[in-house]
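The values are calculated or read from the model by the stated rules, or taken from the named source; none is laboratory data. Note that this is a predicted model, so its numbers are computed, not measured. Methodologically, a virtual Cβ is constructed for each residue, glycine included, from the backbone with ideal geometry; neighbour enumeration extends over all protein chains shown. Just the protein is used for accessible areas: all its heavy atoms, side chains included, with ligands, DNA and RNA removed. Shrake-Rupley method; radii C 1.70, N 1.55, O 1.52, S 1.80 Å.
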Amino acid sequence: LGLLYQEYRDKSTREEIETRRLQDSQTGPEETSPSEETPSEAEPTSTTENKAPPQISLLRNSNSRFNLWQDLPEIRSSGVLSILQPDEIKLQEAMFELVTSEASYYKSLNLLVSHFMENERLKKILHPSEAHILFSNVLDVMAVSERFLLDLEQRVEENIVISDVCDIVYQHTVNHFSVYITYVSNQTYQERAYKQLLQDKPAFREVISQLELDPKCKGLSFSSFLILPFQRITRLKLLVQNILKKVEEKSDRESTALDAHKELETVVKACNEGVRKMSRTEQMISIQKKLEFKIKSVPIISHSRWLLKQGELQQMNGPKTSRTLRTKKLFREIYLFLFNDLLVICRQIPGDKYQVFDSAPRGLLRVEELEDQGQSLANVFILRLLENADDREASYMLKASSQSEMKRWMISLAPNRRTKFVSFTSRLVDCPQIQCVHPYVAQQPDELSLELADVLNILDKTDDGWIFGERLHDQERGWFPSSMGEEILNPKIRAQNLKECFRVHKSDDSQRRKLGSRNRQ
C-alpha cells in the first residue's frame, strides 16, 4: 500500500507477464509454484475456527509492503495455510488483490485532489469553468471509491479467510459506479483543455511542473493521475475476471462473480461509448464538409454512423488504357471513406476536398485478393460493390501501399471474411495467441490499443510486421504492430486461456443465444 496506483498497476501487470512467460516455457506437466504449495497430507476442513480470527492490520498500515494474502503475519501464524487447498489459496490471493489495489487507487485519487486540485496557486490560475473541465466529478469518484474500500475492508476483517468480494463489487457497481461514466465521458474535453492550458497559460505549465516534481508524485505526471478512473474501472473488470476463473464452477461464488462482471462490463462499455460519442460526432461533421457529390448526395451525418477507416488507394485504369500503358499511368489515386454501414469512393480535388463518384452499403461489399501477379500487381485486391450508387454491380481493382495496408482494407471492407488463422463462424480453433509486453495506443480507427498483459487471439498477420487480433477479455478486434507482443507457444496455455475466456463470457453467450432465438421467432 506504499505504492501509488500507477506503480501498483504496472507492478501487477509485469508480474502477470512474467508468470505467463514461465508457464509458456514449461513443456512438461504443470508444476505448482513455491508460493502456492501447501502440505499434501493436510486434510481439507472447515475454514471457520472456534477461536476469534486475528485482525488484519494491513489496510490500516500505510507503510506495509505486503503484496500477497498468504504473506501476512496474521495468516502465517493462524495455521490456515495448512488447511486450505491450493485452489482456495489462489482464490484468496485474487480477492485480496482486488482489495489492496482499491486501497492503492484511493491513495492516488486522494493525491490528485489534495496535491493538484486543491492547490491554492492552481486555483488562482484556473477559471472555475476550466477547473471543472479539468477535474470533472473526481470528488464524486473519490467518495465512491472510499465507500467501496470501507466495505471491502470490513469484509476482509470479518475473517482471515475472505468469504467473497464480488457481492460487494456488484452492489457498488449497480448503485454507485455511474460516476465513472460521467468522468470518463468528459475525457475528450479534459485532454483538450489540458493541452490548451499548457499552451496558453505559462503560469499553469510552471505550477504543474513544480507539483509533479514533489516526491509525493514519485516521478509520475499530472496526466497519469487524471486518467486513473478510466484505468481503474477497466482493471476492476479484469480483477473480477481473475476471481471468476478461480471460483468453483456452478457455485454461489461463481454466480456472484458473473453478476458483478456483467454489471462492470455494462459500465465499461458505457464509458467507452461516452468517450467515442463526442469525437465521432465532430469527425463526421468535418468529413461532411469536405465531400462534394458527383452522384446523388448521400447524407453522411447520422447518430448511428461512425468512421472505420479512410485513406488513399490506387485504382487500376480501365481496359481501354492497356494499349497506351507506356504513356499513361497504370493506376490512379482514389480516396475511400469507410463507415460502419457505408462506403464512399472519392477523388481528391483542390482545397482539401473530395469528390464522391460512387458509394455502397457496407453489407453489400465483397473483396478478393490477387495472388502471384508479379511486382506491378503486388498488394492488389478486387473490391466488388453488389449494388452501387447507380443500383448496379461494380468492381474496382485496387492497389495498396503494402501487404499490411491491403489486408487491413480487406478486413475492414468485408469483416466476416475468413482470415488466415480462423474462420469467424467458428472460434473453437487452436489459433495462435500473443500477450502484450509493450502498451500501444491506436493511431487509426481500425487499430487496437493494448495494455500490458493483454492476451489476444491472432486472427491474421502480415509479413511486414502487423497483427490482426481479438482480445480475449472483451472480444475487441483490431490491428497492432507485432513488436508489441510475444507469441504464446505452449498449446496447453493457449487452451487454458480460451477455456477461461469462454467461462467468463458464458453468461453473455447464453444471453445472446436467447436474444437470437427471440429475434428468429
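The condition (being in contact with an Asp or Glu (Cβ under 7 Å, 6 or more places away or on another chain), over 30 Å from K90 (Cβ atoms) and in contact (Cβ under 8 Å) with a residue 40 or more places away in the chain) is satisfied by just one residue among K290, K277: K290. Taking the numbered list (1) more than 20 Å from L126 (Cβ to Cβ); (2) more than 28 Å from the chain's Cα centre (by Cα); (3) open to solvent by less than 70 Å² (accessible area, probe 1.4 Å); (4) in contact (Cβ under 8 Å) with a residue 60 or more places away in the chain in turn, V207 passes all entries but (1).
Conditions tested, residue by residue: (1) within 22 Å of the chain's Cα centre (by Cα); (2) surrounded by fewer than 18 Cβ atoms within 10 Å (Cβ to Cβ).
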site: K123; (1), (2): no, yes
site: V144; (1), (2): no, no
site: I160; (1), (2): no, no
site: N186; (1), (2): yes, no
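Checked against the criterion of being within 22 Å of G2 (Cα to Cα), at pLDDT below 95, open to solvent by less than 10 Å² (accessible area, probe 1.4 Å) and assigned to a helix (DSSP H, G or I), the candidates V156, V113 yield just one match: V156.
Just wondering, is there one or more residues in the stretch 367-378 that are open to solvent by 10 Å² or more (accessible area, probe 1.4 Å), modelled with pLDDT of 90 or more and more than 30 Å from F230 (Cα to Cα)? Yes: the stretch 367-378 contains one or more residues that are open to solvent by 10 Å² or more (accessible area, probe 1.4 Å), modelled with pLDDT of 90 or more and more than 30 Å from F230 (Cα to Cα). The single residue among Q241, Q310, Q231 that is assigned by the TED database to the domain that holds A400, surrounded by 15 or more Cβ atoms within 10 Å (Cβ to Cβ) and out of contact with any Pro (no Cβ under 6 Å at 6 or more places or on another chain) turns out to be Q310. Only one of the listed residues (E74, E7) is open to solvent by less than 70 Å² (accessible area, probe 1.4 Å), among the acidic types (D, E), at pLDDT 70 or above and within 19 Å of V156 (Cα to Cα). That residue is E74. V169: assigned by the TED database to the domain that holds A131, within 19 Å of E102 (Cα to Cα) and either in a helix (DSSP H, G or I) or of a type in the set (D, E) (or both), yes or no? Taking the combined requirement at face value, the residue satisfies it. If you go through the stretch 210-234 and pick out every residue that is part of a helix (DSSP H, G or I), closer than 21 Å to S136 by Cα and not hydroxyl-bearing (S, T, Y), you end up with 12.
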